[in-house]
Amino acid sequence: MKKNFVEELRWRGMLAQIMPGTEELLQKETVSAYLGTDPTADSLHIGHLCGIMMLRHLQRCGHKPYILVGGATGMIGDPSGKSQERNLLDTETLYHNQEAIKKQVAKFLDFEATDDTRAEMVNNYDWMKDFTFLDFARVVGKHITVNYMMAKESVQQRLNGTARDGLSFTEFTYQLLQGYDFLHLYRTCGVKLQLGGNDQWGNMTTGTELIRRTLGSEAEAFALTCPLITKADGKKFGKTESGNVWLDRNRTTPYAFYQFWLNVSDDDAERYIKIFTSLERDVIEALVEEHRQDLGRRVLQKRLAEEVTVLVHSQEDLEMAQEASSILFGKATKESLLKLDEQTLLDVFAGVPHYTLPKEDLGRPAVELFTRDDVSVFPSRGEMRKMVQGGGVSLNKERLETFDRLVTTDDLIDGKYLLVQRGKKNYFLITVK
């Protein structure tokens, strides 16, 4: 007895809109469904994760997921909620991005399954690149009226909004292009269901309408959306001061990724653990109950951060992220510090005072280097002497035994950093150039 996909989404808070008959179809047969994603970068970010998790649940409920890379549609822009068109990609960049995205998605979906649930990736550029304008007008354009297209909320928002240049014809046709994707996949792969974010509802229903008008009323096609994920304060989910939280470790380190989830609010943690993990309902309910007993222990945030970091990265990356966290807040050693790559080191100490020291100044006593006007770790030499004698100063996580010990190139982390700790909680990162 396979799980009910719609019910799985419903209790997880991942169901926004659903066309009548969708749940019955999913209970009756193995359904092929697709979700589109934008290939304008060579990595997904966590804003894409709700859709990817929908596909993951779909496959685990015994259905077949397709992920569609919008190589063609990604070149022109989508009017739903955006104020500008996207940039044109060349084919080399497009296919590079596609392969990078597939590697990321393969951690969520099984592309090697030997049964009907095997995941597949397709790119609409493959069937759109030789599709002429005359073909488009004859095969697609004649079936959908301008009145139908104008009524879409996403189009109305652009026409009535503050966009200086209005809505281009290219963007206006986006819903027809996306609708044709659904028609093409329906015909060639038997795809009957489109999944997406709730901002895509208008484009998705255009697809079901195009299928019905092209192939007749007996051709059944369906759509289902997840809500757009926000934070408890209503702000956009997945953005930090430094921008998007990416799945690619070169854009967002596993440490920064882990910290993002660890620092979400209690309300958000309770929602996110249902959406972004595959934990079963009874496990999540037990975690929620345990969390509410003592909010200070942050049970939900810790489990959420662990689950998502392992899913996107690996168990080893999780352990590294936890060890990196302990450097700032626990009793870490110099060995722990030396394990960090440069970007993680900078992420860990992003919030501490930073100073720069000329490389030629190395070889001098610590008390000279750390009491300078431009490297004011200590307000005076006397203050530093007193703290060193009391055992309260560390260099690179090793206690400084004497205040006049020479600091040399051998002390540099990654060949250019010194980490000074004053007392238990005060850190200073010095870049030596």
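Tabulated results
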quantity	calculated
Residues of the range 267-322 satisfying the condition of being in contact (Cβ under 8 Å) with a residue 24 or more places away in the chain, in a loop (DSSP other than H, G, I, E, B) and not polar (S, T, N, Q)	PHE276, LEU279, ARG298, HIS313
Selection within the range 145-159 - over 12 Å from GLY202 (Cβ atoms) and either in contact with a helix residue (DSSP H, G or I) (Cβ under 7 Å, 6 or more places away or on another chain) or assigned to a helix (DSSP H, G or I) (or both)	VAL146, ASN147, LEU159
Among residues of the range 101-130, those that are assigned to a helix (DSSP H, G or I), exposed (fewer than 14 other Cβ atoms within 10 Å of the Cβ) and more than 23 Å from the chain's Cα centre (by Cα), counted	1
Answer residue from the range 211-233, given it is of a type in the set (A, V, I, L, M) and surrounded by fewer than 17 Cβ atoms within 10 Å (Cβ to Cβ) and is modelled with the lowest pLDDT among those	ALA232
Residue tally, condition over 23 Å from the mean Cα position of the chain (by Cα) and surrounded by fewer than 19 Cβ atoms within 10 Å (Cβ to Cβ), over the range 282-320	13
Filtered residue count, the range 185-203, keeping only those that are at pLDDT 95 or above, crowded, with 23+ Cβ neighbours inside 10 Å and in a helix (DSSP H, G or I)	2
Of residues in the range 397-423 being touching a Lys or Arg at 6+ places or on another chain (Cβ under 8 Å) and buried (at least 17 other Cβ atoms within 10 Å of the Cβ), the one nearest to ALA350 (Cα to Cα)	LEU419
Filtered residues of the range 16-26 (kept if within 18 Å of MET53 (Cβ to Cβ) and either surrounded by fewer than 18 Cβ atoms within 10 Å (Cβ to Cβ) or out of contact with any helix residue (DSSP H, G or I) (no Cβ under 9 Å at 6 or more places or on another chain) (or both))	ALA16, GLN17, ILE18
Among residues of the range 359-389, those that are part of a helix (DSSP H, G or I) and charged (D, E, K, R), counted	8
Subset tally (residues that are in contact with an Asp or Glu (Cβ under 9 Å, 6 or more places away or on another chain) and buried (at least 18 other Cβ atoms within 10 Å of the Cβ)) for the range 342-352	1
Residue match in the range 174-184 (condition: open to solvent by less than 50 Å² (accessible area, probe 1.4 Å), among the charged types (D, E, K, R) and either modelled with pLDDT of 90 or more or out of contact with any helix residue (DSSP H, G or I) (no Cβ under 6 Å at 6 or more places or on another chain) (or both))	yes
Single unsatisfied condition, ARG86 versus (1) open to solvent by less than 50 Å² (accessible area, probe 1.4 Å); (2) modelled with pLDDT under 95; (3) more than 27 Å from VAL310 (Cα to Cα)	(1)
Odd one out for LYS339 among (1) under 30 Å from ASP373 (Cβ atoms); (2) open to solvent by 50 Å² or more (accessible area, probe 1.4 Å); (3) of a type in the set (D, E, K, R)	(1)
Where a residue in the range 12-32 is closer than 15 Å to MET204 by Cβ and its partner, wherever it lies, is among the hydroxyl-bearing types (Ser, Thr, Tyr) and crowded, with 16+ Cβ neighbours inside 10 Å, with Cβ under 7 Å and at least six apart	ALA16/THR225; GLN17/THR225; MET19/THR208
Identity of the residue in the range 27-63, of a type in the set (Val, Ile, Thr) and in a loop (DSSP other than H, G, I, E, B), that ends up least open to solvent (accessible area, probe 1.4 Å)	VAL31
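For (1) over 20 Å from GLU335 (Cβ atoms); (2) of a type in the set (D, E, K, R); (3) at pLDDT 95 or above; (4) in contact with a Leu (Cβ under 6 Å, 6 or more places away or on another chain), each residue gets a yes or a no:
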| site | (1), (2), (3), (4) |
| --- | --- |
| ASP374 | yes, yes, no, no |
| PRO379 | yes, no, no, no |
| GLU398 | no, yes, no, no |
| GLY415 | no, no, no, no |
| GLN421 | no, no, no, no |
| TYR427 | no, no, no, no |
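One line per residue, one yes/no per condition, for (1) buried (at least 19 other Cβ atoms within 10 Å of the Cβ); (2) among the aliphatic types (A, V, I, L, M); (3) touching a strand residue (DSSP E or B) at 6+ places or on another chain (Cβ under 7 Å); (4) touching a residue at least 40 places away in the same chain (Cβ under 8 Å):
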residue: LEU134; (1), (2), (3), (4): no, yes, no, no
residue: ARG158; (1), (2), (3), (4): yes, no, no, yes
residue: GLY166; (1), (2), (3), (4): no, no, no, no
residue: GLU209; (1), (2), (3), (4): no, no, no, yes
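The values are calculated or read from the model by the stated rules, or taken from the named source; none is laboratory data. Because the structure is predicted, anything quoted here is derived from the model rather than measured. Neighbour counts are summed over all protein chains in view; Cβ atoms, including those assigned to glycine, are modelled from backbone coordinates with ideal geometry. When the accessible area is computed, the model is the full protein with side chains, heavy atoms only, and any ligands, DNA or RNA have been set aside. Shrake-Rupley method; radii C 1.70, N 1.55, O 1.52, S 1.80 Å.
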